[in-house]
Amino acid sequence: MTDSVSSQTVVLHLESITKRFGPLLANDAVSFDVKKGEIVALLGENGAGKTTLMNILFGHYVADEGSISVFGKPLAPGEPSAAIEAGIGMVHQHFTLADNLTVLDNIMLGTEKLWHLSSARSQARRRLTMLAADFGLAIEPDKTIAQLSVGERQRVEILKVLYRQARILILDEPTAVLTPQESQSLFATLKKLTSKGLSIIFISHKLHEVLSVSDRIFVLRSGKLVAEKQTRATTRQELAELMVGRPIAEPRIEPQKQGDIHIEVSAVSTTDGLDHADLTLHGGEILGLAGVSGNGQTALANLLSGLTHPTNGSLLIFGEDARAWTPDRMTRQRIARIPEDRHAEGLIADMSVSENVIAELYREPRFSRRGFLDWGAAENFARDIIKGFDVKCPSPQARVRLLSGGNMQKLILGRTLSLEPRFILACQPARGLDIGAVSYVHERLLRARKSGASVL
């Protein structure tokens, strides 16, 4: 931390914050503060309590115990409007946008009186354009949210908070779907904001980002604050071990002989973004696809999931013409997808863990007896995934919405790999995962490759 930061006054103080969800202790007497003009990083494993703590700060949850003060004044619990009025802005890990409204409408939503909307729109458009240019977050103001990719939606969330001129910004995994160049541009802007007196709470699993952008680092583990570190006085390895409570070993990558061609895309075009695309993927191969969000990745994933079909070109999967294959046919061919958006495509938040893990498998004999679901088998299967993939949740009967984003991702990964797939379509499989879980995901994908599966 710089001397200028260390000499500044405290703008935010959390004292002994405790929060329980039934038997699950999400936050255990957590206390920390944020000073004017500094960037504080909040680290921890999936389910460590980071997002819960920030949701308490922003008024979405009410703490069972403890208190919060902002700029020296008590913050009313459970009132997001009070948090916003106090100068707190939050960019959520999971989007809070209205899909049927435009980008501009979402930015303005809640900031203008209805009878002022028409006169305020031109001014809001100018401000949005300026912010987008300053942050390198290009976006079309008149597109609806439903038309945007996940990466573009993330940009809108960031712009939405900046538009409200918050003095304390909470950024929950803000770079999860940004390119390195976009992330660096964001970091430069955050530094400019702190130089003008704004304070930032930065939640990230990317340790190199935390070390490059923060002044202080707080580490949560199992709901408890286990460490406070000056950024300049710690290392990536120390932080990783503090997060997970054990040394982290890098996955061992061994040479693998390529097998037969599994996927062959030739001059394929689709109505949702592909334009004469070509791609070949072999068994025993992991193929990485990089690029800025919105440039055809989702269109390719939809094609290889059977959600869309080519308008021209050829698509061969395991040597068969797959241009007309349906999602059900893809599943029967042991093609598995880890979706880009776990909320919209991967899980049903108000259903239980058991119900979600058999969502694609309930027709299988192991879960069905004479036309009735075998819930005992489903719960045993859920327990195996919870244990095998270290999913932190109270029980198989728990509602998925109670899980952290990273634990939701682990649940999807466990369900996907339980199919013993021949081809895995992994759309940002490590999104929102801590360093220990990322290492585990990599190891499982390498294990799938070793068994002869292909991975995109």
Report task. Would you mind ranking S185, S212 so that the residue whose beta carbon has the fewest other beta carbons within 10 Å leads the list? Result -> S212, S185
Report summary line: Residue span R366 to S185: 0.36 nm per residue of separation minus Cα-Cα distance leaves a gain in nm of 60.1 nm
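Which entries in the list K19/K392; K19/K73; K257/K387; K257/K392; K35/K160; K35/K206 go over 26 Å, if you measure between the two C-alpha atoms of each?
In this structure, K257/K387; K257/K392 lie more than 26 Å apart at Cα.
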Query raised in the report: What dipole magnitude, in Debye to the nearest 20, does the chain give about its Cα centre under +1 on Lys/Arg Cβ and -1 on Asp/Glu Cβ?
Result: 480 debye
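What ranking do 357-364, 139-146 get when scored by the average of other Cβ atoms within 10 Å per residue, highest first?
Details: 357-364: 16.8, 139-146: 15.0.
Top of the packing list down: 357-364, 139-146.
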**Report entry** Degrees, to the nearest 10: 180-195 long Cα axis against longest axis of the chain
**Finding:** 10 degrees
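Using the count of nearby Cβ atoms within 10 Å as a rough guide to exposure, how do L456, L419 rank from fewest to most?
On the way: L456 20, L419 15.
Ranked by crowding around the Cβ, least crowded first: L419, L456.
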Query raised in the report: Toward the positive end of the charge dipole of the chain, about the Cα centre and with charges on Cβ (Lys, Arg +1; Asp, Glu -1), which of S31, L171, N106 goes farthest?
Result: S31
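State the antiparallel share, in %, of DSSP beta bridges confined to segment 261-455, rounding to the nearest 5.
Numbers: 15 of 22 bridges.
So the antiparallel bridges amount to about 70 percent of the total.
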Report summary line: Taking every alpha carbon pair in the chain and sorting the distances into 10 angstrom bins from 0 up to the bin holding the longest one, the percent per bin comes out as 4, 19, 28, 27, 16, 6, 1, 0
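Helix-derived [θ] at 222 nm for the chain: sum -39500 (n - 2.57) over DSSP H runs of at least 4, divide by residue count, nearest 500?
On the way: 15 runs with 152 residues, N = 456.
Rounded to the nearest 500, it is -10000 deg cm²/dmol.
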Query raised in the report: Mean separation of Cα pairs under 8 Å and 6+ residues apart, divided by the residue count of the chain: what relative contact order is that in percent?
Result: 16 percent
Report task. Could you name the aspartates and glutamates whose alpha carbon sits less than 12 Å from that of K229, not counting residues in the same chain fewer than 8 places away? Result -> D215, E238
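Express in nm, to one decimal, how much length is gained between H276 and S195 on full extension, taking 0.36 nm for each residue of separation and deducting their alpha carbon distance.
Details: separation 81, 0.36 × 81 = 29.16 nm, distance 4.74 nm.
Taking 0.36 nm per residue and subtracting the Cα distance, the gain is 24.4 nm.
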Requested in this report: Obtain the nm distance between the two label points defined at I261 and L211 by a simple spin-label model: each point lies 7 Å from its Cα along the Cα-to-C-beta direction.
Outcome: 4.3 nm
Query raised in the report: Which angle from 0 to 90°, rounded to the nearest 10, does the C-alpha axis of helix 150-163 make with the longest principal axis of the chain?
Result: 10 degrees
Report task. Calculate the spin-label point distance for T311 paired with I348, positioning each point 7 Å from the Cα along the beta-carbon direction, and give it in nanometres. Result -> 3.4 nm
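Over segment 3-244, what is the percentage of antiparallel beta bridges among all DSSP beta bridges, to the nearest 5? Intermediate results must be reported in sequence, preceding the final value.
On the way: 22 of 40 bridges.
Approximately 55 percent, going by the DSSP bridge assignments.
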Report summary line: Among K143/K410; K50/K410; K192/K410, the pairs whose Cα-Cα distance exceeds 27 Å are K143/K410; K192/K410
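No lab work stands behind these numbers, since they all come straight from the coordinates. Note that the coordinates shown come from a computational prediction; the quantities given were computed from them, not determined experimentally. Cβ atoms come from the backbone with ideal geometry, glycine included; neighbour counts cover every protein chain shown.
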